[in-house]
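Asks: I'd like to ask some things about the structure below.
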Amino acid sequence: FWFTLLGLMLGTVAVQGYFIHAVPHMEAQGFSRTLASAVWSAFFVVGVLAKFLWGFFIERIGVRWALVLLFVFESLGIVLLMTARSPAALFTYAVLNGIGHAPFLQLQAMVWAEYFGRHAIGRIYGSVQPALVISASMGPWLGGALFDRLGNYTLFFEIGIGLCMLSSLVFLLTPPPRRALAPTGAPAPA
């Protein structure tokens with residue numbers, strides 16, 4: 001439970017942080033606000049379309065492996081955003097990261113049901129939401145504080161890449177909990 005929460009919290013700091021600062025970063029790199037907005041729109045359009053494909057993919061590989069891949073894709077997306085120096089590179093970022101980011105919110109909910117069952121999903125999700133909301137609010141704050149101090153987003157994006165990779169590693173190394181089997185001879189639950 002705690003490793004699952006830790007993995008989600010670390011990745012949420014990075015993802016929510018770069019979400020807030022993506023357009024200002026593009027503008028700081030000399031791109032127009034119009035281009036930055038078009039790139040950001042492309043990111044979301046691709047993400048909406050990719051959700052359908054991810055749904056089929058998650059059913060085949062499971063939530064754990066989908067989370068590992070998700071945070072690897074998020075790391076790659078931050079690298080592409082950070083290093084983009086042309087409109088084509090920005091749109092490449094938008095398409096690839098849009099595909100990779102698509103199941104972010106769904107996996108945050110699905111992991112609890114898959115790992116701990118659906119009978120207590122309301123209590124579990126309600127218990128973890130405050131931690132995830134705090135994590136989500138830390139990312140934008142950290143990005144802004146580092147930009148104010150350094151004049152760029154480089155360190156913040158590097159931290160985000162590290163947090164996403166650490167999240168991926170947490171899910172890679174921490175298998176889902178095993179469910180207890182019903183004792184032999186016990187009646188099956190209705």
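Asks: Excluding ligands, DNA and RNA, what is the solvent-accessible area per residue of segment 1-54 at a probe of 1.4 Å, expressed in Å²?
Replies: 48 Å²
Asks: Go through 65, 2, 54 and list them by solvent-accessible area, largest first, probe radius 1.4 Å. Don't skip to the answer; put the middle values down first.
Replies: Numbers: 65 110, 2 190, 54 20 Å².
Sorted by accessible area, descending: 2, 65, 54.
Asks: Could you work out the mean projected area of the convex hull around the alpha carbons of segment 124-178, in square nanometres to one decimal?
Replies: Numbers: hull surface 18.4 nm².
In nm², the orientation-averaged hull projection of segment 124-178 is 4.6.
Asks: Evaluate the Kirkwood expression for the hydrodynamic radius of the chain, namely the inverse of the mean inverse distance over all pairs of different C-alpha atoms, and round to one decimal in Å. Kindly include the intermediate steps, with their values, before the conclusion.
Replies: Details: mean 1/r = 0.0569 Å⁻¹.
Every distinct Cα pair counted, the radius reaches 17.6 Å.
Asks: Turning to a different aspect of this structure: So what's the projected area for segment 88-145, the Cα convex hull averaged over all directions, in nm²?
Replies: Details: hull surface 21.2 nm².
Value for segment 88-145: 5.3 nm².
Asks: Let me ask you something else. If each DSSP helix of 4+ residues adds -39,500 (n - 2.57) and the sum is divided by the residues in the chain, what number results at 222 nm, nearest 500 deg cm²/dmol?
Replies: Numbers: 6 runs with 156 residues, N = 190.
Helices in the chain give a 222 nm mean residue ellipticity of -29000 deg cm²/dmol.
Asks: Roughly how many debye, to the nearest 20, is the charge dipole of the chain about its Cα centre, given +1 on each Lys and Arg Cβ, -1 on each Asp and Glu Cβ, and no other charges? Could the numbers behind the result be given before it?
Replies: Working: 10 positive and 6 negative charges, 82 e Å.
So the magnitude is around 400 debye.
Asks: Right, something else. Using Cα pairs under 8 angstrom and six or more residues apart, how large is the relative contact order of the chain, in percent? List each step's numbers first, then the result.
Replies: Numbers: 217 pairs, mean separation 81.7, N = 190.
Answer for the chain is 43 percent.
Asks: May I pose another question? On the protein heavy atoms, probe 1.4 angstrom, tell me the percent of accessible surface of the chain carried by carbon and sulfur.
Replies: Working: 7170 of 10120 Å².
Carbon and sulfur: 71 percent of the exposed surface of the chain.
Asks: Placing +1 on the Cβ of each Lys and Arg and -1 on the Cβ of each Asp and Glu in the chain, which of 145, 161, 1 has its Cα farthest towards the positive end of the resulting dipole?
Replies: It is 1, whose Cα lies furthest towards the positive end.
The values are calculated or read from the model by the stated rules, or taken from the named source; none is laboratory data. This structure is a prediction, so every number in the text was calculated from the model and none was measured. Quick reminder, even Gly has a Cβ in these numbers, built from the backbone with ideal geometry, and neighbours come from all protein chains shown. All accessible areas refer to the heavy atoms of the entire protein, side chains included, with ligands and DNA or RNA removed. Shrake-Rupley method; radii C 1.70, N 1.55, O 1.52, S 1.80 Å.
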